[in-house]
1. Working only within segment 212-250, note down all residues that are under 21 Å from Gly428 (Cα atoms) and not in a helix (DSSP H, G or I).
2. Return the total of residues in segment 329-346 being polar (S, T, N, Q), under 21 Å from Phe306 (Cα atoms) and in a strand (DSSP E or B).
3. From Ile146, Ile123, Ile116, which residue is under 15 Å from Gly215 (Cα atoms), in a loop (DSSP other than H, G, I, E, B) and either assigned by TED's automatic domain parsing to the domain that holds Gly161 or in contact (Cβ under 8 Å) with a residue 24 or more places away in the chain (or both)?
4. Please state which one of Arg54, Arg69 is under 27 Å from the mean Cα position of the chain (by Cα), part of a loop (DSSP other than H, G, I, E, B) and under 17 Å from Gly339 (Cα atoms).
5. Of everything in segment 475-487, what is exposed (fewer than 14 other Cβ atoms within 10 Å of the Cβ) and touching a residue at least 24 places away in the same chain (Cβ under 8 Å)? Give them in sequence order.
6. Six or more apart or on different chains, Cβ under 7 Å: which pairs go from a residue in segment 159-173 that's basic (Lys, Arg) to one that's open to solvent by 30 Å² or more (accessible area, probe 1.4 Å) and modelled with pLDDT of 95 or more? Could you list them?
7. Looking at Asn51, Asn89 in this structure, which one is out of contact with any helix residue (DSSP H, G or I) (no Cβ under 9 Å at 6 or more places or on another chain), free of Cβ contacts under 8 Å to residues at least 60 places away in the same chain and of a type in the set (S, T, N, Q)?
Amino acid sequence: MPQTTKVETWVQKVKELCQPENIVICSGTPEEYDQMWELLIESGAARRLNNTKRPNSYIVRSDPDDVARVESRTFVCSHEEEDAGPNNNWMSPKDMKATLTPLFSGCMRGRTMYVIPFSMGPIGSPIAHIGVQITDSPYVVASMHIMTRMGRAVLDAIGSGDFVPCLHSVGKPLCKGEADASWPCNPNQLYVAHFPEERQIFSFGSGYGGNALLGKKCFALRIASTMAREGGWLAEHMLILKITNPEGIVRYIAGAFPSACGKTNLAMLVPTIPNWQVETVGDDICWMQFGDDGRLYGINPEAGFFGVAPGTSMQSNPNAMLTLRKNCIFTNVAETDEGDVWWEGMTEKPPAHLIDWRGEDWTPDSANTAAHPNARFTVSARQCPTMAEEWEDRSGVPISAILFGGRRATVVPLVNESANWIQGVFFGSIVSSEKTAAAAGNIGKLRRDPMAMLPFCGYNMADYWQHWINLAKNATTKLPSIYYVNWFRKDENGDFLWPGFGENSRVLKWIFDRCEGNAEVIKTPIGNVPSPDGIDFSGLKLSSSQIEHLLKVEIDGWLKEIPSIKAYYKEYHDRLPKELSKELEELKSRLEDAKQSTL
Ligand code: OXD
Ligand code: MN
C-alpha cells in the first residue's frame, strides 16, 4: 500500500476541521482556470470583459469592506513576543490557535475546499520553496494560477518532502439552501496569522489580495524572511531589473521601495538614454541566495504581477499597459459601456459614463473615484514585453547593486552610494516616506519603512538588520553595492525636481558605471554622491541650480534627522545592532565636522 504523504495527512486534518462539501486537488490546467470563472460569474462576483477589447479577461467586484491588506489584523505568532518585535502585531501561538480553531471549525460547510500545491520560484530551483494553500475561494484559485507555478507538477515535486501549509477561508459557511454572497467574506473576524517557528499560515475572513493569496506577502516575505535568516539568505520586498549598456554588458539591480513609490514602473522602465536597455525580472519580491562564487543570486518567486491599477497609463508605464491587453483579472476597477476597464489616471479624460467599482453608475461629476484606489490587475509575467529571457533561470541572476528608496520631499539626494555594506544596511534601516504627498512646508511627517519591509518582516526588525549585517562577516561573500535613491525631492515651491519614470535610467546608468568602476564620486558625510557631471542630465529641462538641489547634501537637514533616527532606533531597545548605533554616531560626527568647517 502506498504511504500517506504529508500533504494527504494535512488535507485530511483540514477536512475534518473545516468540513467542506467537496475537495478538489488543483491540477493547474487551463480547464480548471476556466471552471473557476464559470463559478465566479455564476455567483455574480465576476463578469467577462468584451472579448474584442480585452480577450479572455474578467472584472471582479469585491465586497466594499474587503478591499486591501489589513495590517491591523495581521499577526506574527512567535513563542516570544520579543521575537516578533515592535514591527509586528503579536499573539502567542497557543492563544492564536485557541482563537482560530473555533473560527475554522466547520467554516467551509456548503463550500468546495481547493488544495493548491504551489512553488514560489521556478519548480526545482535551489532558491525556490513550495507551499500548499487550502482555500474555499475560487477567486484565490484563479489568482494563484497566474501568480504562482501551481498544480500537479508541484505536487509531484513535493513528493514526501516539506512544504509550507497555508490555510485560508473566506470565513462564511453556507447552510443548505442559503443564497451565497457574490463575494463572501467575514471582515469582522479577520485574522492573517503567521507561525514562524512552525512555518504555517492561517488566514480567515478576507478574500482579497495579500490577505488571501498566501504565497505572496505571507509566505514569500513574512515566513520566507524567517527561513532566510535561518538559512543565511535574503527574502526581500524588491524588484529586480536587468540593465544592458550599449556595449552589451549586463548588470542586475534589485530595489526596495515602500508602496506607492513606483516599483512596478521602475521594473518596466523605458530608458530615455540612447542604446541602453532595461528589462524586467520581477516587480515586487526578490529571494537571494549566495552562489558558489560568493555573489548573491536573485529570483523572482512570483509568476505574475498583482499591481495597483490606478495611475497606470501609456505615459506612466506603457509596458504594464501592453502586458494587460489580454488574459487578465481586474479587481475593483471601473467598467466602460463597451465592456472594457478604466481607472483613474488611465486616460487624461475619463469616459462620460462608467459602472464604478461598487457596481453603481458613475460620471465625471460623481463624488467618488470610479476605481477603488487599491484596485488591482492580476496578469502573468510572461505577457510583459520587457521580461528578461532569464527571468525564470533556476539559479537566479547575479545582483550587482541594491537600491533603497522612499518618498522624500527634502534632505535625501537623488542618489547616494554607501561606502560599504554596513553603511548600506544603515541606509536601508532609515528608509522613510512622507505619510502623504506632503504639501510644501508640511515637512517632517515621516513613516520609517526599513528596507520597505515594515509590514512584511516576519520577525523582530532589529534581528533582521543584524542578519543583513552578518552577511558581511563571511569573508568569502562578494556583496552588492548599496544605493539610497530619492526620485521625489521637491523645490521651494513644492514642485518635483526630478521627472522620474524613464528618466530614472540616467541614475541607473550612473550606478551601472559605478559597478564597472567607471564613474567618479564625491565623498560626503552621508556617503558618495555623483560629481555634477557624473549623471548625464543632457536634454532635460533642468537648470544647474536644480541639479545642484537634486544632488545637494543638506548638512543641517541631516543633522535635524539624527534625533528622529535615534528615537526610532530606541524602539528596538537592546536588540538594535551595535553596528547601526555606531553608524549613526559616526554620521553625526561627520556632519558636525562638516558644519564646523563651513562656519
Ligand atoms: C503590494 C504591497 O501589494 O506592497 O505589493 O502592498
Ligand atoms: Mn509590494
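1. Once the filter is applied, which keeps residues that are under 21 Å from Gly428 (Cα atoms) and not in a helix (DSSP H, G or I), segment 212-250 yields Gly232, Trp233, Leu234, Ala235, Glu236, His237, Met238, Leu239, Ile240, Leu241.
2. Taking segment 329-346 as the starting set, the residues that turn out to be polar (S, T, N, Q) are 331-332, 336.
From what's left, under 21 Å from Phe306 (Cα atoms): 331-332.
In the following step, the residues that additionally are in a strand (DSSP E or B) were identified as 331.
Of the residues in segment 329-346, 1 are polar (S, T, N, Q), under 21 Å from Phe306 (Cα atoms) and in a strand (DSSP E or B).
3. Numbers: Ile146 fails: in a loop (DSSP other than H, G, I, E, B); Ile116 fails: in a loop (DSSP other than H, G, I, E, B).
Testing whether each residue is under 15 Å from Gly215 (Cα atoms), in a loop (DSSP other than H, G, I, E, B) and either assigned by TED's automatic domain parsing to the domain that holds Gly161 or in contact (Cβ under 8 Å) with a residue 24 or more places away in the chain (or both) leaves just Ile123.
4. Details: Arg69 fails: under 17 Å from Gly339 (Cα atoms).
It is Arg54.
5. To start, the set of residues in segment 475-487 that are exposed (fewer than 14 other Cβ atoms within 10 Å of the Cβ) comprises 475-476, 478.
Scanning segment 475-487 gives Thr476, Lys478.
6. Pairs found: Lys172/Ala181.
7. On the way: Asn89 fails: out of contact with any helix residue (DSSP H, G or I) (no Cβ under 9 Å at 6 or more places or on another chain).
So the residue among Asn51, Asn89 that is out of contact with any helix residue (DSSP H, G or I) (no Cβ under 9 Å at 6 or more places or on another chain), free of Cβ contacts under 8 Å to residues at least 60 places away in the same chain and of a type in the set (S, T, N, Q) is Asn51.
Conditions (1) modelled with pLDDT under 95; (2) open to solvent by 50 Å² or more (accessible area, probe 1.4 Å); (3) among the acidic types (Asp, Glu), marked per residue:
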| residue | (1), (2), (3) |
| --- | --- |
| Ile526 | no, no, no |
| Ser531 | yes, no, no |
| Asp536 | yes, yes, yes |
| Lys541 | yes, yes, no |
| Ser545 | yes, yes, no |
| Tyr568 | no, no, no |
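The values are calculated or read from the model by the stated rules, or taken from the named source; none is laboratory data. If you're wondering where the values come from, they're calculated on a predicted model, not measured in any experiment. Cβ sites come from the backbone with ideal geometry, for glycine too, and all protein chains shown count toward neighbours. Each accessible area value is taken on the protein alone, full model and side chains, heavy atoms only, with ligands, DNA and RNA left out. Shrake-Rupley method; radii C 1.70, N 1.55, O 1.52, S 1.80 Å.
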